[in-house]
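*Asks:* What follows is a structure written as structure tokens; I'll ask about it next.
The values are calculated or read from the model by the stated rules, or taken from the named source; none is laboratory data. From a predicted model like this one, the values you see are computed outputs, not experimental measurements. Calculation scope for accessible area: heavy atoms of the full protein, side chains included, ligands and nucleic acids excluded. Shrake-Rupley method; radii C 1.70, N 1.55, O 1.52, S 1.80 Å.
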Amino acid sequence: AQSVTQLDSHVSVSEGTPVLLRCNYSSSYSPSLFWYVQHPNKGLQLLLKYTSAATLVKGINGFEAEFKKSETSFHLTKPSAHMSDAAEYFCVVSDKAAGNKLTFGGGTRVLVKP
Amino acid sequence: NAGVMQNPRHLVRRRGQEARLRCSPMKGHSHVYWYRQLPEEGLKFMVYLQKENIIDESGMPKERFSAEFPKEGPSILRIQQVVRGDSAAYFCASSPSQDAYNEQFFGPGTRLTVL
């Protein structure tokens, strides 16, 4: 069975400082991993995805994530936070055993202070 | 190319009424998924459909909930005799194939409030 744990439910950063959102996963097969962002009262937007190619994945808006199989992690980073990055972020896993079903982490809410 | 469309965006029902949520997938997508997001929680998978077929309904409550994706028209998630605990945001997503590597594209959601 697949599962995702987001280690921080809330992260607070100052504008211009780095952002780190931590995610660990469990999967029986080679997983696909995604990060989605949800702004208040909006739908979900894909930031980036890992699908067994390069382990360092670059996404939109300056975000990137590194797949580390030995640590079963897929942490999301951004070198410099912007006010518009304030949102909720979801780490998501999908694997063959689960069909095309996505399993979401509990989410990390990011607050950006001016 | 329009994205995934859901309507209504907001729906208010009294306990015991029926709620019908609609989802039109992206053009060319024949795979539809429904997820529920309870307040302060992540999204939970409910059901996966292809045209005229339910592929996986392992996340659907056993009673009162049903889903369909007819040959023509949008996918419908139907909740009969709603209760307060059904209040949530319901998201629909679509993808072009069953490949687990494919991104699922999400709609804006329907926020259901049960009074």
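*Asks:* Quick one: pull the percent of accessible area on chain B belonging to carbon and sulfur, 1.4 Å probe, ligands and nucleic acids left out. Present the calculation step by step, with values, prior to reporting the outcome.
*Replies:* Working: 2680 of 5800 Å².
Reported share for carbon and sulfur atoms: 46 percent.
*Asks:* What accessible area, summed over both chains, is buried at the A-B interface (1.4 Å probe, Å², nearest 100)? Mind dumping the intermediate values first?
*Replies:* Numbers: alone 6290 and 6700 Å², together 11150 Å².
Using a 1.4 Å probe on protein heavy atoms, the buried area is about 1800 Å².
*Asks:* Related question: Using a probe radius of 1.4 Å on heavy atoms only, what accessible surface per residue do you get for chain A? Whole Å² is fine.
*Replies:* 47
*Asks:* Would you list, by chain and number, the aspartates and glutamates whose Cα falls below 19 Å from the Cα of A:Lys69, excluding same-chain residues fewer than 8 positions away?
*Replies:* Correct list for A:Lys69: A:Asp95.
*Asks:* Any lysines with Cα under 27 Å of the B:Lys62 Cα? List them, leaving off those in the same chain fewer than 8 positions away.
*Replies:* Straight-line reach from B:Lys62, under 27 Å: A:Lys96, A:Lys101, B:Lys44, B:Lys51, B:Lys71.
*Asks:* Additional query: Taking every Cα atom in the protein assembly as shown, find the radius of gyration and the maximum pairwise distance Dmax, and write them in Å.
*Replies:* Every Cα atom of the protein assembly as shown included, Rg and Dmax give 17.6, 51 Å.
*Asks:* Using a 1.4 angstrom probe on heavy atoms only, work out the carbon and sulfur share of the accessible area of chain A in %.
*Replies:* Working: 2820 of 5350 Å².
Within chain A, the accessible surface is 53 percent carbon and sulfur.
*Asks:* State the Cα centre-to-centre distance between the stretch B:41-115 and the stretch A:33-78 in whole Å.
*Replies:* 24
*Asks:* Which ³J(HN,Hα) values in Hz, rounded to whole numbers, follow from the phi angles of the stretch B:32-37 under the Karplus curve 6.51 cos²θ - 1.76 cosθ + 1.60, where θ = phi - 60° and Gly and Pro get x?
*Replies:* 10, 10, 10, 10, 10, 10
*Asks:* Another question about this same structure. Please compute the per residue accessible area over the stretch B:37-115 with all protein chains in place, 1.4 Å probe, rounded to a whole number of Å².
*Replies:* It amounts to 47 Å² per residue over the stretch B:37-115.
*Asks:* When chain A is treated as a GNM, springs tying every alpha-carbon pair under 10 Å, which of A:Ala98, A:Ala87, A:Ala65 comes out with the largest mean-square fluctuation?
*Replies:* A:Ala98
*Asks:* With 22 Å as the cut-off, how large is the P(r) tail for the stretch A:1-90, expressed as percent of Cα-Cα pairs? Mind dumping the intermediate values first?
*Replies:* On the way: 955 of 4005 pairs.
Summing the P(r) of the stretch A:1-90 above 22 Å gives 24 percent of all pairs.
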